[in-house]
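Working notes for the structure below.
All of the numbers you see were taken from the coordinates with simple rules; none came from a lab. The structure presented is a predicted model; accordingly, all values stated were derived computationally and were not measured. Please note: Cβ atoms are built from the backbone with ideal geometry, for glycine as well, and neighbour counts cover all protein chains shown.
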Amino acid sequence: MFVATLIAAGKLTDEVVREGIDRLDATGHEVGAPHWLDVGDAADIVFQGSLVSARAELAKMDHGALDVVVQPLGDRTKKLIVADMDSTMITVECIDELADYAGIKDQIAAITARAMRGELDFRAALFERVGLLGGLAEGVLAECRMERVRLTRGARTLIQTMKAHGAYSVLVSGGFTAFADPVGEAIGFDKVVANHLEISGGKLSGRVLEPIVDSAAKLETLKAEAAKHGLPLAETLAVGDGANDIPMITAAGLGVGYYPHPSAGAAAAAVIRHHDLTALLWAQGYPRRQWVMG
């Protein structure tokens, strides 16, 4: 059994839900009656048939603000979430904002964008960008965090709700602990994994300390935390936006691209392009009355 969750907050109509049912029916799926999670916001369609075919068919629905998540029904409520930070749990790329204080934002942002699209090796791109920040005063890290970093809408509600229902949460970032640790605390993550900037004489040395949190480390974090908590990968959720998130996204029970770069979007089982992070609660079957508002 599978479930297709149609999400269009404040704009989901009976007609759109009916179209989803008709599309599944016309492509040979056995479809049940729809179930509203929240009327006008999100609805489930349970069906039997082909997961791949259903995803392809429902992706053709063109209603502007509609996001669709299609997945196996049995394990939809996840017990582990592993989430990227930059441009996922927060609205910015921290290294780009930090570069602004050094007067080289455009230069570093261009490298970041290419790395997130998968055009550059993440590790090499990280070393290059951090090297360009060498000599920046350590105090700028806190200044940048306070002035530039904002939580993505729905981040706290997503994590607090999942935790209230027994899930474990990990923030895993190719960014830096100077940002990730306070962000993780503000959102309520159980654990934070991120890179450590080397500081020497009160300034950034231009180096990152080993081990490096790259795509392989993100995948290993997902697998290790699942094993630690006795969970099959089917009961995990991974969410991110960049190429370095692809391995964990493809390994998780539900891998989500959140406003993703094209390569991550193509690899993800589900893509959110129109809603905040609370869409991932509807995707897990939580109606709004069960949310823990952050």
Here D for region 1-74, in µm²/s, from Stokes-Einstein with a Kirkwood Rh over Cα pairs at 10 °C and 1.306 mPa s, works out to 134
For region 174-268, what is the Kirkwood hydrodynamic radius in Å, using each pair of distinct C-alpha atoms?
14.4
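Among Lys11/Lys60; Lys11/Lys79; Lys60/Lys223; Lys60/Lys163; Lys78/Lys228; Lys163/Lys218, which pairs are too far apart, with a Cα-Cα distance over 22 Å?
Numbers: Lys11/Lys60 18 Å; Lys11/Lys79 30 Å; Lys60/Lys223 33 Å; Lys60/Lys163 34 Å; Lys78/Lys228 15 Å; Lys163/Lys218 20 Å.
Checking Cα-Cα distances, Lys11/Lys79; Lys60/Lys223; Lys60/Lys163 exceed 22 Å.
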So what is the diffusion coefficient of region 88-165 in µm² per second by Stokes-Einstein at 25 °C and 0.890 mPa s, using a Kirkwood Rh over Cα pairs?
176
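What does the convex hull of the Cα atoms come to per residue for the chain, in Å³? Write down the numbers at each step before the final one.
Details: hull volume 35.2 nm³, N = 294.
So the per-residue hull volume is 120 Å³.
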P(r) for region 148-219: what percent of alpha-carbon pairs falls in each 5 Å bin, starting at zero?
3, 15, 22, 21, 18, 11, 5, 3, 1, 0
Output ordering of 193-203, 83-93 (per-residue mean of other Cβ within 10 Å, highest first) is 83-93, 193-203
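Determine the relative contact order of region 1-74: mean sequence separation of Cα pairs under 8 Å and six or more apart, normalised by residue count, in whole percent. Each step should come with its number before you reach the end.
Working: 132 pairs, mean separation 35.1, N = 74.
Across region 1-74, relative contact order equals 47 percent.
Considering only DSSP beta bridges with both partners in region 75-294, what is the antiparallel share in %, to the nearest 5? Intermediate values should be presented prior to the final figure.
On the way: 6 of 25 bridges.
Here the share of antiparallel DSSP bridges comes out near 25 percent.
Could you sort the peptides 70-82, 105-117 by per-residue average Cβ neighbour count (10 Å cutoff), highest mean leading? Intermediate results must be reported in sequence, preceding the final value.
Working: 70-82: 20.2, 105-117: 17.3.
Top to bottom by mean Cβ count within 10 Å: 70-82, 105-117.
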In Å and from the alpha-carbon atoms only, list the Rg and Dmax of region 50-119.
18.2, 52
So how tilted is helix 177-187 from the main axis of the chain? Cα-based, degrees 0 to 90, rounded to 10.
40
I need to check one value: relative contact order of the chain, counting alpha carbon pairs closer than 8 Å and at least 6 residues apart, in percent.
21
In Å, what is the Rg of the alpha-carbon atoms in region 1-155, and how long is Dmax?
21.6, 63
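At 0.36 nm per residue, and after removing the present C-alpha to C-alpha distance, how many nm does the segment from Ala110 to Ala137 gain when stretched out fully?
On the way: separation 27, 0.36 × 27 = 9.72 nm, distance 2.28 nm.
Result for the pair: 7.4 nm of gain on full extension.
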Applying 1/(1 + (r/R0)^6) with R0 = 25 Å to the Cβ-Cβ distance of Glu210 and Asp121, what FRET efficiency is obtained, to the nearest 0.05?
0.95
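Using helices alone, I'd like the mean residue ellipticity at 222 nm for the chain: each DSSP H run of four-plus residues gives -39500 (n - 2.57), total over residue count, nearest 500. Don't jump to the answer; show the numbers that get you there.
On the way: 12 runs with 114 residues, N = 294.
Helix-only estimate at 222 nm: -11000 deg cm²/dmol.
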